[in-house]
Amino acid sequence: MSEIILQTHNLAKRYKKRFAVSDLNIEVYRGDVFGFLGPNGAGKSTTIRMMLSLIHPTNGSITIFSKRLDKHRGEALKRIGGLVEKPDFYGHLSAFDNLKFIGSLYGGVNKKRIEEVLETVKLSDRINDKVKTYSHGMKQRLGIAQALLANPELIILDEPTSGLDPQGMREVRELIKNLSKEQNITIFLSSHLLTEVEQVANRMAIINNGKLVVQGYVQELLNSSDQYVQIQVEPIEAAEQIIKSFAFIKKYERHNNSLLIYTSIDRIPEINAEFVKHNLQVSSIIPRRSLEDYFIEMTERAYPAFQNAKTKGVGNA
Ligand SMILES: Nc1ncnc2c1ncn2[C@@H]1O[C@H](COP(=O)(O)OP(=O)(O)OP(=O)(O)O)[C@@H](O)[C@H]1O
Ligand SMILES: [Mg+2]
């Protein structure tokens, strides 16, 4: 069993009467890329602020490296790097000088280390340019460089890909995967995209309305959640008769003019072949996972303006 390096215990934060986070219990193991997934307002940033000791919990506690954060704050913070929402830098200073300044606050950060972290985030060629001339993506990468400056064992990143274009998002994801693989850094990152978490994280927690919905291994959660196939087929009555003849299909439902068939995706060709053999018209086959549907629904409730994007959904973005 791997070592737990970050853990929250019934963590809660209340603002006036509302709990932004409540009864949150999550565990991050050494070596994890841990995705903290939730829609807008779920409580991600509030949790991260408590983990970085920027705000105090109302109830509960956090342990980092097996010690309580509130009792060993200085010691813990030396071993973690953080990036909270938009990183703040001096625009009139270069990336190098910004990191030199931040490094002087930590102590023990030399020129070589600054160059190293800027190389890691691929900013070496812009090292002497003023930060105000940087694009949003470059600033975001500089934020990650800053989090890496003091050789942390754990980095905590709040929505590191937020506001980036698809190329910028890809670059940051690659960077995160490399940090995990090549430098053995444990990474905790928040996101509101299930696809993103699926691409970078091995473990995840979903948070909604300040409460934990589920946590575990990403692949297990996605695979153990019911898989089903939505097939649009005509005539649907004939299709139902065929479905009943397959012993491996334990459950199916009719949904408007399609069938929702609860089975693993590798059974699709077999089912499809049988439909075709009986001259049925198959117009679409969509593999679905209920965890994905669930998350899409949850996100749509948080972004009602995007309701007509329903069929596209976050999970397929
Ligand atoms: N300083 C504050 N004062 C009052 N309420 C706050 C404060 N900070 C956060 N909240 C509330 O706490 C809840 C959770 O906010 P939080 O910023 O943690 O969500 P989030 O998951 O990071 O969302 P987003 O995806 O939009 O960044 C929201 O209802 C928010 O309005
Ligand atoms: Mg946030």
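No lab work stands behind these numbers, since they all come straight from the coordinates. Nothing here was measured: the structure is a model prediction, and the numbers come from that model. Note that each Cβ is placed from the backbone with ideal geometry, even for glycine, and that neighbours are counted across all protein chains shown.
Round to the nearest 10 and give me the degree value, 0 to 90, for the angle of helix 268-277's Cα axis relative to the longest principal axis of the chain.
30 degrees
Report the rotationally averaged projected area of the chain based on its alpha-carbon convex hull, in square nanometres. The partial results should precede the final answer.
Details: hull surface 79.0 nm².
Mean projected area of the Cα convex hull: 19.8 nm².
If contacts are Cα pairs under 8 angstrom and at least 6 residues apart, what is the relative contact order of the chain in percent?
Values: 577 pairs, mean separation 62.2, N = 317.
Rounded, it is 20 percent for the chain.
Of all beta bridges DSSP finds with both residues in the chain, what is the antiparallel percent, to the nearest 5?
Given both bridge residues lie in the chain, the antiparallel proportion sits at roughly 70 percent.
So how strong a dipole does the chain carry about its Cα centre when Lys and Arg Cβ are +1 and Asp and Glu Cβ are -1, to the nearest 20 debye? Don't skip to the answer; put the middle values down first.
Numbers: 42 positive and 36 negative charges, 251 e Å.
In total the dipole reaches around 1200 debye.
Between helix 290-302 and the chain, what is the angle of the helix's C-alpha long axis to the longest principal axis, kept within 0 to 90° and rounded to the nearest 10?
60 degrees
Using +1 at the Cβ of each Lys and Arg and -1 at the Cβ of each Asp and Glu in the chain, identify which of Ile80, Pro166, Val213 lies farthest towards the dipole's positive end.
Positive-end residue among those listed: Ile80.
Considering only Arg267, Arg30, Arg203, give the residue with the highest GNM mean-square fluctuation for the chain, with springs between Cα atoms whenever their separation is below 10 Å.
In the Gaussian network model the winner is Arg267.
Quick one: length gained pulling Arg113 to Lys177 fully straight, 0.36 nm per residue minus the C-alpha distance? Show your work: numbers first, answer last.
Working: separation 64, 0.36 × 64 = 23.04 nm, distance 2.04 nm.
Length gained between Arg113 and Lys177: 21.0 nm.
Roughly speaking, what is the stretch gain from His72 to Ser245, that is 0.36 nm per residue apart minus the C-alpha to C-alpha distance, in nm to one decimal?
Working: separation 173, 0.36 × 173 = 62.28 nm, distance 6.32 nm.
Answer, rounded to one decimal: 56.0 nm.
Once each part is reduced to its C-alpha centroid, what is the distance from region 9-66 to region 146-191 in angstrom?
If you average the Cα positions of each part, the centres end up 19 Å apart.
Rounding to the nearest 20 debye, state how big the charge dipole of region 154-245 is about its Cα centre with +1 on each Lys and Arg Cβ and -1 on each Asp and Glu Cβ.
Here region 154-245 has a charge dipole of around 340 debye.
Please give the peptides 125-133, 111-119 ranked by average Cβ packing (other Cβ atoms within 10 Å per residue), highest first, as a rough proxy for protection.
On the way: 125-133: 13.7, 111-119: 15.9.
Packing order, densest peptide first, comes out as 111-119, 125-133.
If we count every other residue with Cβ under 14 angstrom of Glu153's Cβ, Lys/Arg +1 and Asp/Glu -1, where does the sum land? The partial results should precede the final answer.
Numbers: positive: Arg30, Lys67, Lys78, Arg79; negative: Glu3, Asp32, Glu75.
Around Glu153, the surrounding residues sum to +1.
Could you give the Stokes-Einstein D for region 168-291 in µm² per second, using the C-alpha Kirkwood radius, 37 °C, 0.692 mPa s? Mind dumping the intermediate values first?
On the way: Rh = 17.1 Å.
The calculation lands on 192 µm²/s.
Assigning unit charges at the beta carbon (Lys, Arg +1; Asp, Glu -1) and nothing else, what dipole magnitude in debye, to the nearest 20, does region 225-292 show about its Cα centre?
So the dipole magnitude of region 225-292 works out to roughly 120 debye.
When the scattering of region 225-292 is computed by the Debye formula from its Cα atoms alone, each counted once and equally, what is log10 I(q)/I(0) at q = 0.22, 0.28, 0.29 Å⁻¹?
-0.88, -1.49, -1.60
Out of Phe65, Phe36, Phe101, any idea which swings most in a Gaussian network model of the chain, alpha carbons joined below 10 Å?
The residue that fluctuates most here is Phe101.
Hey, with R₀ at 35 Å, roughly what FRET efficiency would Arg254 and Lys132 work out to, going by the Cβ-Cβ distance, to 0.05?
Working: r = 59 Å, r/R0 = 1.68.
Computed FRET efficiency for Arg254 and Lys132: 0.05.
Using only Cα atoms, tell me the angle between helix 111-120 and the longest principal axis of the chain; keep it within 0 to 90° and round to the nearest 10.
It works out to around 10 degrees.
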